[in-house]
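What follows is a single structure, written as structure tokens, with notes after it.
No value in this document is a laboratory result; all are computed from the given coordinates. These numbers were taken from a predicted model, which means no experiment stands behind them. Glycine also receives a Cβ, built like all others from the backbone with ideal geometry; neighbour counts cover every protein chain displayed.
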Amino acid sequence: MNYLVDTTPKDARNQGSINLGAEIVADMKNAKIVKWWETVDLSDLVGVDWIGFNVYYPTHLLNIYPFFKNNFIRRSNGIQLAAGGQGLPETHILSELVDVEFYGELDFERNKDQILSNPVIDRFGGKAAIEISRGCQMNCKFCEYSHKHKHREKPIELVRSQIDWVDKQGIRDINFMSANFAGYKDLGELIDYAVSKNIRILNCDSCPIFLPRLFPYLKFLPKYIKIGIESFDENTRSRIGKPFADDFLEDILDRLLSEINGVHLYLIYGLLGDNYDSWFRWLEKIAEKRKAYSTIQKDLFGGEYRLNDKNIRIEFSITNFEPCLGTPFEKMPMVDFDKKAKFIEKWAEALIANGYRRGDKKIEYKNARGRFGRKELTYMLLMALKNGGPELTQELKYTFPNGVGRSIKEEDAAKFLLYKEDNEILI
């Protein structure tokens, strides 16, 4: 028996991995999937000739060494050690820890034109995941996902049979995993079949250019749709490879809001030459669209207030631009965090002024949460993991010996960034 080590943090997937690539590798290698924090009985290592580490996201690299340490594994054990996955950079970062590194998908050579992953069921939550595509047909210039992964789709015949299998398990809620749900070639047939089986489709995250393909099916889809806008500046969108005009964006928002209850818009801060004045104009424009679904009411004292006829929910996520190797934008400058701090303060004020956020608490760079406020040192850590080379092996071993969770504190990121091979920390 071999082992495949899932490096996903404990607090990220409490109900088990949904990285479907792990199941494929485990099947190919006849391997048992274990978590990186688990201790393997040494007697179980007798006869094992391969241990692989499945790296789904770059920061998961930091969870490889703890497994070595906790299980007393060395390269001299006579076991071939491998690491791979979409989160592994192509710069041989782990040369001192493992024998074999592969970027992307181990099964790619076998299945160059399609994907054949099995469904994954979360019985605790009563949900299932069926992967329908990998990669993306857009090839946006900033996106490592589309440039480093060939776009492949799962045959609709296999999708149908997997829906049948999930249905027989008593599961009716399915996440059809894809970077661009609306871009799936056999979209109509997939939705029609799911509806015929009384399956509830849990997600339909899509690129705006493909959204009109969803319009005939909106009544069967979630009432809250996530869209990758990236920028509210038309010129920036054209420059990065998403050439849809403002008029098109306004039309699809109008159509969506007429039939569903809300949209979540993904944006990227730090794209070179972006015009942020247009971002603020769009905040005002979308706020006015939401007002169209309300009426003015009179209170007992003659004052006016607005009453929602339809509860429209609008949300925004802002992440940092990441100039990654292998993309056309790999040499673009990284985010300037002094400018970002000023932008976030102004953006937060505009969210309150336009009714997206309640309260008068001042939102700043230092106390903003989640993607909206990703901090500078953790950003630099992420970029080091994505673009770094063999010199980072020691940092993996010595600055995070016990692994990491979903989030990393700024002070912990500083330990990684400032570590030197002579064990000196530079302050």
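Applying the Karplus relation 6.51 cos²θ - 1.76 cosθ + 1.60 with θ = phi - 60° to segment 325-334 yields 3J(HN,Hα) values of 4, x, 10, x, 9, 5, 9, 6, x, 6 Hz, where x marks Gly and Pro. Annotation: amide H of PHE176 within the under-5 Å range of ILE130, LEU202, ASN203, sequence separation 5 or more or interchain, hydrogens built in the peptide plane. Output the antiparallel fraction of DSSP beta bridges having both residues in the chain, as a percent to the nearest 5. The answer is about 20 percent antiparallel.
If the limit is 28 Å between Cα atoms, which of LYS127/LYS397; LYS141/LYS409; LYS141/LYS226; LYS285/LYS342 go over it?
Values: LYS127/LYS397 37 Å; LYS141/LYS409 30 Å; LYS141/LYS226 21 Å; LYS285/LYS342 22 Å.
LYS127/LYS397; LYS141/LYS409, as the Cα separations exceed 28 Å there.
I need the Kirkwood Rh of segment 234-316: take the reciprocal of the average 1/r across all distinct C-alpha pairs and report it in angstrom.
14.8 Å
Can you tell me, using C-alpha contacts under 8 Å and at least 6 residues apart, the relative contact order of the chain as a whole percent?
Values: 721 pairs, mean separation 61.4, N = 427.
RCO, the chain: 14 percent.
Please state, rounded to one decimal and in Å, the Kirkwood hydrodynamic radius that segment 112-222 gives when every pair of distinct Cα atoms enters the mean of 1/r. It would help to have the intermediate numbers written out before the result.
Details: mean 1/r = 0.0697 Å⁻¹.
After inverting the mean inverse Cα-Cα distance, the result is 14.4 Å.
Thinking of segment 131-180 as a set of Cα atoms, what percent of all their pairs are more than 13 Å apart? Considering segment 131-180, 61 percent of its Cα-Cα pairs are separated by more than 13 Å.
Summarising the label geometry, the points placed 7 Å from Cα in the beta-carbon direction at MET334 and ARG358 lie 3.9 nm from one another. Less than 5 angstrom separates the built amide H of PHE53 from those of VAL5, ALA82, ALA83, GLY84, all sequence-distant by 5 or more or on a different chain. In the chain, the calculated helix contribution to ellipticity at 222 nm averages -8500 deg cm²/dmol per residue, counting -39,500 (n - 2.57) for every DSSP H run with n ≥ 4.
Report the relative contact order of segment 2-103, percent, no decimals, based on alpha-carbon pairs under 8 angstrom and at least 6 residues apart. Please list the in-between numbers first.
Details: 165 pairs, mean separation 29.4, N = 102.
It comes to 29 percent, rounded to a whole number.
Convex hull volume of the Cα atoms in segment 2-103, per residue, in Å³? Write down the numbers at each step before the final one.
Values: hull volume 9.4 nm³, N = 102.
In segment 2-103, the Cα convex hull volume per residue is 92 Å³.
Lacking any other cysteine beta-carbon closer than 4.7 Å, the following Cys residues of the chain have no compatible partner: CYS136, CYS204, CYS207, CYS324. If you take the Cα centroid of segment 193-214 and the Cα centroid of segment 234-286, the two points sit 21 Å apart.
Each residue in LYS298, LYS154, LYS310 was given a count of other beta-carbon atoms within 10 angstrom of its own, and listing them fewest first yields LYS298, LYS310, LYS154. Taking the Kirkwood radius as Rh and the Cα radius of gyration as Rg, segment 158-208 has a ratio of Rg/Rh equal to 0.95. Using equal-weight Cα scatterers in the Debye expression, the normalised intensity of segment 162-276 in log10 at q = 0.11, 0.20 Å⁻¹ is -0.41, -1.07.
For segment 209-252, dividing the convex hull volume of the Cα atoms by the residue count gives 74 Å³ per residue.
Once the Cα gyration tensor of segment 188-342 is found, what semi-axes does its equivalent ellipsoid get, as square roots of 5 times the eigenvalues, in whole Å, sorted largest first? Before the final figure, lay out each step's value.
Working: eigenvalues 188, 129, 33 Å².
The equivalent ellipsoid of segment 188-342 has semi-axes of 31, 25, 13 Å.
Of the chymotrypsin sites (Phe, Trp or Tyr not before Pro) found in segment 301-358, those that fall in a DSSP loop while having at most 10 other beta-carbon atoms within 10 Å are PHE301. Considering only the Cα atoms of the chain, their convex hull presents on average a projected area of 23.8 nm².
Quick one: check the C-alpha center-to-center distance for segment 47-101 versus segment 326-342, whole angstrom. That distance is 30 Å. Taking amide H as placed 1.01 Å from N in the peptide plane, ASN320 has its amide H under 5 Å from the amide H of TYR269, each at least 5 places away in sequence or on another chain.
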